[in-house]
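Q: Sending over a structure as structure tokens; questions will come in a sec.
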């Protein structure tokens, strides 16, 4: 296994940490005397305190960005969502210029590979210190070419929340990409127990939401749809790029509320995410689904480049 | 601030880690050639990998144990719950003897203080390595004597889940004390925005659950009740000790399903947890609650000793 590149983001947020002696405001001068906003570090060494709220409370956020042959077509969308998750979590604003530069540094420091998965993480930091912790890990993306052709078997599982909790109960953090992902990984374990590979979450009142680590895409005739982001799900950066291709190809696209029953009736179904790209669903709750192999291949080719 | 004591639990679970060369089975001999099952470490240094699933997915569990003047009356109940959370999370079984010995070592290594808060953490470990990470941090417990007398203002907030999800949807991990606590901390921030100090969560169908870091105790005449654990809440180790005293005093105690409306009608209300002990609720959703100061003082005295 190759060694990941690790960048510690030492000035991850806009403004000074509490108790800092410097003047407040956005650090924008590269000529000042302060330490660099990020440094490369040895990924085989430990860098996190056991007192970091990122681990003691899952209190932080992340993004996983695909870099394909050196290009990161969705980096801006990921940085937008990174900022949005911080707002939902009441974290200080990530310093976009710093994260962008640190991201570029991580990519540049990694030996060239076809597919790089770059993870950005921001936590609330060590309890009581008011200084967020930030880092970036770049490592070769797992090869999902088999899954892109052979597809995945999916079960629907109740996410437990009503479709409207993001509006009624923002403290449930639906729509934020937080480090509190234990339920997402537990749901995938449950899928495996049921002989499947992955999950599509539904709301307690029967609407289609998202997969634990992907967005859901449906084909209904010549129209492609995804569940609306107002349902407290993540706005999919890959889903957006997939729609761009589908629109180029002349298809209609749109986001709407989808009843779980519509999943069964869909002409085709995909899970789409940064590293896996578009994976066709070949079985839904034990029932075979049709797969459009040609369109799937075209989607995956496009998502690797755009 | 004093320096916490940190113990790294190097053999946290029963059985050998995957790929280990030793013979399988429970490590029970202290005379074998393997490294010690735990070691003391410098808490001011980083000890966690940024690739640990404890931080990247909030995938792990914890317990916070009170040690009052050297005694840990609830340690067995905490170790029971630690094992139960591991089962709910499909983590390997924590090696109880190792954790107990490591806990004792943490307490012994800390300078004597009136109140020590000892946190036990077990994560799924570094992604792809199949070796859980474990550690214990012992540090002086925050002084909550003011809150025990003056009480806390509480708001009820929807936990988003129906009362029965622990049964219908075990992948939601309700009833496990996981590291994915971002919602719990977000709820407390929401309470502060509303001018309160803490939260009592209710189910989406109107049942009383628990506080983000405490159990709920109600007085109804000469009867004391707490919401049943079948509602997907943590079985409270402190609540159990509180009931022991109340029974000694001749009161009736019990667990049942409580409608949120019953909170308002209760004669008195407490949040009970290891370090804070019994904190009276002086205001519920903006309405003042009666406080039985004498009984509260007696509860807190007892909880500090038993």
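The values are calculated or read from the model by the stated rules, or taken from the named source; none is laboratory data. No experiment lies behind these values; they were computed from the predicted model shown. Cβ atoms come from the backbone with ideal geometry, glycine included; neighbour counts cover every protein chain shown.
Q: Output the number of residues of the range B:180-199 satisfying the condition of being within 20 Å of the chain's Cα centre (by Cα) and either at pLDDT below 95 or away from chain A (no Cβ under 11 Å) (or both).
A: Number satisfying all stated conditions: 2.
Q: Which members of the range A:158-177 meet the condition of being within 20 Å of residue B:163 (Cα to Cα) and touching a residue at least 60 places away in the same chain (Cβ under 8 Å)?
A: A:161, A:163, A:164, A:165, A:166, A:170, A:172, A:173
Q: Same structure again: Which fully enclosed strands (runs of 3 or more DSSP E) of the range A:1-114 have 2 or more residues being at pLDDT 95 or above and more than 13 Å from chain B (Cβ to nearest Cβ)?
A: A:38-41, A:60-68
Q: Further, regarding this structure: Considering only residues that are assigned to a helix (DSSP H, G or I) and surrounded by fewer than 19 Cβ atoms within 10 Å (Cβ to Cβ), which ones fall in the range B:261-306?
A: If the condition is that a residue be assigned to a helix (DSSP H, G or I) and surrounded by fewer than 19 Cβ atoms within 10 Å (Cβ to Cβ), then B:261, B:262, B:264, B:265, B:293, B:294, B:297, B:298, B:301, B:304, B:305 are the ones that fit.
Q: Sticking with this one: Quick check: is even one residue across the range A:169-179 outside any loop (DSSP other than H, G, I, E, B), out of contact with any strand residue (DSSP E or B) (no Cβ under 7 Å at 6 or more places or on another chain), surrounded by fewer than 19 Cβ atoms within 10 Å (Cβ to Cβ) and within 10 Å of chain B (Cβ to nearest Cβ)?
A: Scanning the range A:169-179 turns up at least one residue that is outside any loop (DSSP other than H, G, I, E, B), out of contact with any strand residue (DSSP E or B) (no Cβ under 7 Å at 6 or more places or on another chain), surrounded by fewer than 19 Cβ atoms within 10 Å (Cβ to Cβ) and within 10 Å of chain B (Cβ to nearest Cβ).
Q: When you scan the range B:134-150, do you find a residue that is assigned to a strand (DSSP E or B), more than 21 Å from the chain's Cα centre (by Cα), in contact (Cβ under 8 Å) with a residue 60 or more places away in the chain and outside the structural domain of residue B:216 (by TED's automatic domain parsing), even just one?
A: No, every residue in the range B:134-150 fails to be assigned to a strand (DSSP E or B), more than 21 Å from the chain's Cα centre (by Cα), in contact (Cβ under 8 Å) with a residue 60 or more places away in the chain and outside the structural domain of residue B:216 (by TED's automatic domain parsing).
Q: Among the listed residues B:155, B:225, B:199, identify the single one that is part of a strand (DSSP E or B), surrounded by 23 or more Cβ atoms within 10 Å (Cβ to Cβ) and touching a residue at least 24 places away in the same chain (Cβ under 8 Å).
A: One residue alone meets the criteria, B:199.
Q: Can you name every residue in the range B:158-168 that is at the interface with chain A (Cβ under 9 Å from one of its Cβ atoms) and either under 19 Å from residue A:53 (Cα atoms) or part of a loop (DSSP other than H, G, I, E, B) (or both)?
A: B:159, B:160, B:161, B:162
Q: Looking only at residues in the range B:202-214 that are closer than 14 Å to residue B:270 by Cβ and touching a residue at least 40 places away in the same chain (Cβ under 8 Å), which one is surrounded by the fewest Cβ atoms within 10 Å (Cβ to Cβ)?
A: Filtering first and then ranking leaves B:213.
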